[in-house]
Amino acid sequence: MLRKDLEKALRFYYITDDEASGLPPAAQVEIAIEAGATLIQYRRKNFSLEFFDEVAAIRELAGRNSVPFLVNDDVLLARAVAADGVHLGQTDESPALARRILGPDAIVGVSVSNLRELEHTDLASCDYMGTGPVFGTKTKKDAKPACGLDGLATVVRATALPVVAIGGIDAQNAFACFRHGAAGVAVISYISRAADPLQNARKLAEICRNPPPADLMARA
């Protein structure tokens, strides 16, 4: 995928929530795509084969709508469902191995929370980075301390890769993330646990369609 196409795909990045009450992952993805999500990531930390059909169905839904589909952490699952790529954490398999298994055209993303992690991450096989949590979040129980907008901008300045902001993001603070250099914003609970998921998704989509230019000296 060309850099300009990847950056466009990263703008409105939706990650599934397996703990959302009354709104299963497939329904979340339908809402996100209807609103204008540009990339879908399937995330289920305690994945087992009983959920394989769920992943395959979401992958088919994303493909039918020409939306890139990534799998969180699990390189072999990504290959099994012919995902467009994978997103890896600091303790997952190496991006180089993911690239070797998924091929040269796969999208490979990696989580980098700060400059220390950036220094110890081999980015040669990566297409983008996810950075955060930018703001406080309760969705991920293992989330690190919030890095803030300045922390986001610091990582953006230190890499040539596009950076996706994640963690506590909503329609009110997404604008500031773009201003601080993010190529896109990733959300979970702002949609999955909202009183009106579609309304929230549409609000975010409106910002992501025409994001403001980056100004790394900006302050929220």
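No lab work stands behind these numbers, since they all come straight from the coordinates. Model, not experiment: these values are computed from the prediction. Cβ sites come from the backbone with ideal geometry, for glycine too, and all protein chains shown count toward neighbours.
Within the stretch 133-172, the residues that satisfy the criterion of being polar (S, T, N, Q) and buried (at least 16 other Cβ atoms within 10 Å of the Cβ) are 137, 139, 154, 159. Checking the stated criteria, residue 98 turns out to be surrounded by 19 or more Cβ atoms within 10 Å (Cβ to Cβ), of a type in the set (A, V, I, L, M), in contact with a helix residue (DSSP H, G or I) (Cβ under 9 Å, 6 or more places away or on another chain) and farther than 27 Å from residue 36 by Cα. Looking only at residues of the stretch 1-17 that are buried (at least 17 other Cβ atoms within 10 Å of the Cβ) and assigned to a loop (DSSP other than H, G, I, E, B), we find that the one that is farthest from the chain's Cα centre (by Cα) is 17. Does any residue of the stretch 47-70 turn out to be closer than 25 Å to residue 125 by Cβ, touching a residue at least 12 places away in the same chain (Cβ under 8 Å), touching a Pro at 6+ places or on another chain (Cβ under 8 Å) and not in a helix (DSSP H, G or I)? Within the stretch 47-70, not a single residue is closer than 25 Å to residue 125 by Cβ, touching a residue at least 12 places away in the same chain (Cβ under 8 Å), touching a Pro at 6+ places or on another chain (Cβ under 8 Å) and not in a helix (DSSP H, G or I).
Given 78, 83, which one is touching a strand residue (DSSP E or B) at 6+ places or on another chain (Cβ under 7 Å), in a loop (DSSP other than H, G, I, E, B), closer than 20 Å to residue 130 by Cα and hydrophobic (A, V, I, L, M, F, W, C)?
Working: 78 fails: in a loop (DSSP other than H, G, I, E, B).
The conditions single out 83.
Across the stretch 18-40, the qualifying residues are those that are of a type outside the set (Asp, Glu) and assigned to a loop (DSSP other than H, G, I, E, B), and the one among them that is surrounded by the most Cβ atoms within 10 Å (Cβ to Cβ) is 37.
Which helices (runs of 4 or more DSSP H) sit wholly inside the stretch 88-161 and have at least 3 residues that are within 19 Å of residue 181 (Cα to Cα) and not β-branched (Val, Ile, Thr)?
Numbers: elements: 95-102, 115-119, 148-158.
Ranges flagged: 115-119, 148-158.
Based on what the data block shows, is residue 137 hydroxyl-bearing (Ser, Thr, Tyr) and farther than 24 Å from residue 3 by Cα? When the stated conditions are applied, residue 137 passes them.
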